[in-house]
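The values are calculated or read from the model by the stated rules, or taken from the named source; none is laboratory data. On a predicted model such as this, the values are computed, not experimentally measured, just so you know. Virtual Cβ from ideal backbone geometry, glycine too; neighbours counted across all protein chains shown.
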2 protein chains.
Amino acid sequence: MSIEESGHFSVEQFFLALVCILVFSKIFGELAERIKQPSVLGELVAGVILGGSVLAIVPSVSTMAGYDTFHLLAEVGVAILLFEIGLETDLKDLIKVGFTSTLVAIVGVVLPFALGFGSIIAFEHMGLLGGSDPNLNLLIAITAGATLTATSVGITARVLSDMNKLQSGEAKIILGAAVIDDILGLIILGVVSGLIEASGSGDGGGVSTLGVGIIVVKAFGFLIVAILIGNLISKKLFNLVDMMRVRGVLLLSALSFAFIFAFLASLVGLAPIVGAFAAGLVLANTNQFKAIEHNLKPVSDFFTPIFFIMVGAAVDVSVFNPFVSENIPILLIALILFVVAVIGKFVAGFAIFKKGINRAVVGVGMIPRGEVGLIFAQVGLTYGVFNSQLFSAVTVMVMLTTFIAPPLLKIMFSKGDDTAEDSA
Amino acid sequence: MSIEESGHFSVEQFFLALVCILVFSKIFGELAERIKQPSVLGELVAGVILGGSVLAIVPSVSTMAGYDTFHLLAEVGVAILLFEIGLETDLKDLIKVGFTSTLVAIVGVVLPFALGFGSIIAFEHMGLLGGSDPNLNLLIAITAGATLTATSVGITARVLSDMNKLQSGEAKIILGAAVIDDILGLIILGVVSGLIEASGSGDGGGVSTLGVGIIVVKAFGFLIVAILIGNLISKKLFNLVDMMRVRGVLLLSALSFAFIFAFLASLVGLAPIVGAFAAGLVLANTNQFKAIEHNLKPVSDFFTPIFFIMVGAAVDVSVFNPFVSENIPILLIALILFVVAVIGKFVAGFAIFKKGINRAVVGVGMIPRGEVGLIFAQVGLTYGVFNSQLFSAVTVMVMLTTFIAPPLLKIMFSKGDDTAEDSA
């Protein structure tokens, strides 16, 4: 019996969309692998095809019916992916490369910001962007620069995981840098929002050192407290779980643990995936972690493609049509921003002093902006700092960095395989 | 980074609700098992507690933010459960008990309808229900009677699965009867909607034999065609899948198969779970079915509790407060309907001629109305046939049948274990 109550997105549509997600992601993933590309690239392409600008089977923008549901499922998908990767990561290894990771993260934020900021100022001088208000022009350049600082670790982590490279030194540095990058991103977002609000109210300041300090304390505080308390209670907790006999209790307890961490991370303003990753680090020390990993795999197989499909689905292909004259300045700006975005992160890899590390792999691993970049762009659009032209350009830049990273990463890793340390 | 776009139900809320669903369902499931009750009963109770009328953590009515998402996840949950059960069921066994199942289904529809119809007519004569319009009074009695014909196979199937009784003769009869019951329900719903529309338009007839015939042909046609074509292509399809090497391809292909069948079932008006069950029957014949079952289990462990939580969450506990005077007639009507609902289905079990079958188990297995009963009640309310009083009474009846079935089933099965055939 299937009578729909008011629901916008019917049960039929939902099943159809799910089937398309699963089938397309696997077919395109398989095709990608056959041409020696990471399967995640195939999933991203599948997402573009299913998204609102092509087939419109999967809701890709928040105004489409059912978007909320798929958006939430995608969040679960990437959280489970990072939880899984946390489970395979040794916290001690991560701390060992802590200094290197921090360096990579800082360079990978400062450089893209500076290059992006400079490019936008140049565009404004050329009259391609901006208006007569110098304050607004400055704000536009700052916000666009901020968009370039983002890192979407999901894409890189997935490629590394599929290549069985999660135990490599490069993977540890990238994962560590991604966590720190998320905290830096949080600070930047706080500062940019503050600047935007201040400019709106005609106020001079708007960003207090105290405000930034609170963000930093909350973010680091969460990570330290969560990992410390998590390590204290997790063993006892999971030995208790072992005494329960109801079906599926171990898997669901582990997932609950991950989701609680994701929830708490969200509460302090961090990405849920940072919380899920921390939960994985903690549970890696329990006696049950092999069984958790084993049971988690099918659930991860189901959910993670939804995330990559949704990232792909966010691409509006119509912007790429060069025969529409309005698209030409957008594509030009996007291309420059893209080059700058790639250079900024790539160079960050060369901030590494450590020996035996393939610096190019680390640099390339930080390139994809993914959903994090889109969130920044959305802020710019929502607050009226970006016009639709610049928003489109920034989106194209985000997408290009996201799509270029998986194949580049695969090439770089194969090239440096003889020089890089690899404990896998 | 977690900035919410307009979304009603934030990512934080979603993770929190998921954690609560997983944790509560396992704790209450465990408690139920410890007091020798089926764990699904614990999950239903957990749902009541998380639902809108108690903690309101899980959205339980369509007007609450996030309801659509959880409703869709619940549909996936019960579809996966029935898919899993289909995988463990041999189609030949099902056909063998086909006549018996049909008999049980027909008696289990006719008897509750007649008893329910009679009770409502009696209430109307006593002035407890209805108004001065004899046509409307008749319609009310027909619609309420129809609500009593529903069977929610999810509850029973889960109990049988947890008790390792899916291979018993009783289980086959119940599963077969549930499929036929869904088709009968479809016909009844078609007839009732036709009558309601006709009464609205002041028209005399409204239900054509042709209309009913089309419903029947579509429903049976889907089942026969799906199973025949499914059997023809499934082996080749899954041997092809075996040649793919991308991660998780077997599980996702199997799930896609189940969801396509669920989608097609929805299209012809059947419950998605009937389609998912048929998909399981088909895939039970493939070479990969053991591997599919193995990988499916964790995914099922994740999704099925969401369904039972949502069924529990639909309970409005305030109706049960006897100190509110308006509740007394509601509870009285509900109680009579409940008794009639139990008797009607229980007696249906005794329509079985076959030897060596525990008739009481079959009868009790058909008792829960679950979400199917609620859909019927919703139709009555939406079309203005039920006032809120009768709607509440019918809802309470549905809930009581749903909650009573798991413990009763367990008792009945243990009692008859020596007489009933059991190949498990």
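Taking residue A:345, is it among the basic types (Lys, Arg), away from chain B (no Cβ under 14 Å) and without any contact (Cβ under 8 Å) to a residue 24 or more places away in the chain? Break it down stepwise before answering.
Values: among the basic types (Lys, Arg): yes; away from chain B (no Cβ under 14 Å): yes; without any contact (Cβ under 8 Å) to a residue 24 or more places away in the chain: no.
For residue A:345, the condition - among the basic types (Lys, Arg), away from chain B (no Cβ under 14 Å) and without any contact (Cβ under 8 Å) to a residue 24 or more places away in the chain - is not met.
So the check is Cβ under 6 Å with 6+ separation or different chains; which pairs have a first residue in the stretch A:246-261 that's closer than 16 Å to residue B:33 by Cα and a second one that's of a type in the set (Asp, Glu)?
Close Cβ pairs (under 6 Å, with a partner that is of a type in the set (Asp, Glu)) amount to A:246/B:30; A:246/B:33; A:248/B:301.
For the stretch A:111-149, enumerate the residues that are surrounded by fewer than 16 Cβ atoms within 10 Å (Cβ to Cβ) and either among the polar types (S, T, N, Q) or within 22 Å of residue A:172 (Cα to Cα) (or both).
Within the stretch A:111-149, A:132, A:135 qualify.
Do you know which of the residues in the stretch A:322-355 that are part of a loop (DSSP other than H, G, I, E, B) and touching a helix residue (DSSP H, G or I) at 6+ places or on another chain (Cβ under 6 Å) is farthest from residue A:56 (Cα to Cα)? Steps first, please.
Pass one, the stretch A:322-355, residues part of a loop (DSSP other than H, G, I, E, B): A:322-326, A:352-355.
If we keep only those that are touching a helix residue (DSSP H, G or I) at 6+ places or on another chain (Cβ under 6 Å) as well, we get A:352, A:354.
Numbers: A:352: 44, A:354: 47 Å.
Out of the qualifying residues, it is A:354.
Residues that are in contact with a Phe, Trp or Tyr (Cβ under 9 Å, 6 or more places away or on another chain), more than 27 Å from residue B:392 (Cβ to Cβ) and surrounded by fewer than 22 Cβ atoms within 10 Å (Cβ to Cβ): does the stretch B:37-45 have at least one? Working first, answer last.
Here is the first cut: in the stretch B:37-45, the residues in contact with a Phe, Trp or Tyr (Cβ under 9 Å, 6 or more places away or on another chain) are B:39-45.
Imposing the further condition that a residue be more than 27 Å from residue B:392 (Cβ to Cβ) reduces the set to B:39.
Pick out the ones that are also surrounded by fewer than 22 Cβ atoms within 10 Å (Cβ to Cβ) and you get none.
No, the stretch B:37-45 contains no residue that is in contact with a Phe, Trp or Tyr (Cβ under 9 Å, 6 or more places away or on another chain), more than 27 Å from residue B:392 (Cβ to Cβ) and surrounded by fewer than 22 Cβ atoms within 10 Å (Cβ to Cβ).
Conditions tested, residue by residue: (1) at pLDDT below 95; (2) in contact with a helix residue (DSSP H, G or I) (Cβ under 8 Å, 6 or more places away or on another chain); (3) within 12 Å of another protein chain (Cβ to nearest Cβ); (4) in a loop (DSSP other than H, G, I, E, B).
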{"position": "B:47", "(1), (2), (3), (4)": "yes, yes, no, no"}
{"position": "B:53", "(1), (2), (3), (4)": "yes, yes, no, yes"}
{"position": "B:60", "(1), (2), (3), (4)": "yes, yes, no, yes"}
{"position": "B:79", "(1), (2), (3), (4)": "yes, yes, yes, no"}
{"position": "B:99", "(1), (2), (3), (4)": "yes, no, no, no"}
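Starting from residues that are among the charged types (D, E, K, R) and touching a residue at least 24 places away in the same chain (Cβ under 8 Å), keep the ones in the stretch A:298-342 and report whichever is nearest to residue A:44 (Cα to Cα).
If we filter the stretch A:298-342 for residues that are among the charged types (D, E, K, R), which is where we start, we get A:301, A:316, A:326.
Okay, now just the ones that are also touching a residue at least 24 places away in the same chain (Cβ under 8 Å), so A:316, A:326.
Details: A:316: 13, A:326: 26 Å.
Taking the candidates together, the pick is A:316.
Got at least one residue in the stretch A:2-18 being modelled with pLDDT of 90 or more, facing chain B (nearest Cβ under 7 Å), over 26 Å from residue B:216 (Cα atoms) and buried (at least 17 other Cβ atoms within 10 Å of the Cβ)?
Scanning the stretch A:2-18, I find at least one residue that is modelled with pLDDT of 90 or more, facing chain B (nearest Cβ under 7 Å), over 26 Å from residue B:216 (Cα atoms) and buried (at least 17 other Cβ atoms within 10 Å of the Cβ), so the answer is yes.
Tell me which residues, restricted to the stretch B:209-245, are closer than 18 Å to residue B:289 by Cβ, free of Cβ contacts under 8 Å to residues at least 12 places away in the same chain and within 13 Å of chain A (Cβ to nearest Cβ).
Hits for the stretch B:209-245 are B:240, B:243, B:244.
Select, from B:149, B:143, the only residue that is among the hydroxyl-bearing types (Ser, Thr, Tyr), more than 26 Å from residue B:414 (Cβ to Cβ) and part of a loop (DSSP other than H, G, I, E, B).
Exactly one of B:149, B:143 is among the hydroxyl-bearing types (Ser, Thr, Tyr), more than 26 Å from residue B:414 (Cβ to Cβ) and part of a loop (DSSP other than H, G, I, E, B), namely B:149.
So, of the residues in the stretch B:297-315 that are within 17 Å of the chain's Cα centre (by Cα) and among the aromatic types (Phe, Trp, Tyr), which turns out to be nearest to the other protein chains (Cβ to nearest Cβ)?
B:303
Say we look at the stretch A:249-268 and pick out the residues that are at the interface with another protein chain (Cβ under 7 Å from one of its Cβ atoms) and modelled with pLDDT under 90; which of these is nearest to the chain's Cα centre (by Cα)?
Only one residue tops the list, namely A:266.
Within the stretch A:62-76, which residues are of a type outside the set (A, V, I, L, M, F, W, C), part of a loop (DSSP other than H, G, I, E, B) and over 14 Å from residue A:315 (Cα atoms)? Full working, then the answer.
Of the stretch A:62-76, the ones of a type outside the set (A, V, I, L, M, F, W, C) are A:62-63, A:66-69, A:71, A:75.
When the remaining residues are screened for being part of a loop (DSSP other than H, G, I, E, B), the result is A:62-63, A:66.
Correct list: A:63, A:66.
I'm told residue A:279 meets every condition in (1) farther than 23 Å from residue A:369 by Cβ; (2) at the interface with chain B (Cβ under 10 Å from one of its Cβ atoms); (3) in contact with a Gly (Cβ under 7 Å, 6 or more places away or on another chain); (4) of a type outside the set (Phe, Trp, Tyr) except one. Can you identify the failing condition by its number?
The single condition residue A:279 does not satisfy is (2).
So, in the stretch A:344-380, how many residues would count as being within 17 Å of residue A:403 (Cβ to Cβ) and among the charged types (D, E, K, R)?
Counting residues in the stretch A:344-380 that are within 17 Å of residue A:403 (Cβ to Cβ) and among the charged types (D, E, K, R) gives 3.
Which condition number does residue A:303 fail, the rest of (1) at pLDDT below 95; (2) under 25 Å from residue A:401 (Cβ atoms) being met?
Residue A:303 satisfies all of (1) at pLDDT below 95; (2) under 25 Å from residue A:401 (Cβ atoms) except (1).
Look at the stretch B:223-245 and say how many of its residues are over 30 Å from residue A:39 (Cα atoms) and at pLDDT 90 or above.
8
Look at residue B:330 and say whether it is away from chain A (no Cβ under 11 Å) and closer than 26 Å to residue B:255 by Cα. Don't jump to the end; show me each part of the working.
On the way: away from chain A (no Cβ under 11 Å): yes; closer than 26 Å to residue B:255 by Cα: no.
In short, no.
Let me confirm something: among B:43, B:33, which residue is within 19 Å of residue B:374 (Cα to Cα) and in a helix (DSSP H, G or I)?
Values: B:33 fails: within 19 Å of residue B:374 (Cα to Cα).
That would be B:43, the only listed residue that is within 19 Å of residue B:374 (Cα to Cα) and in a helix (DSSP H, G or I).
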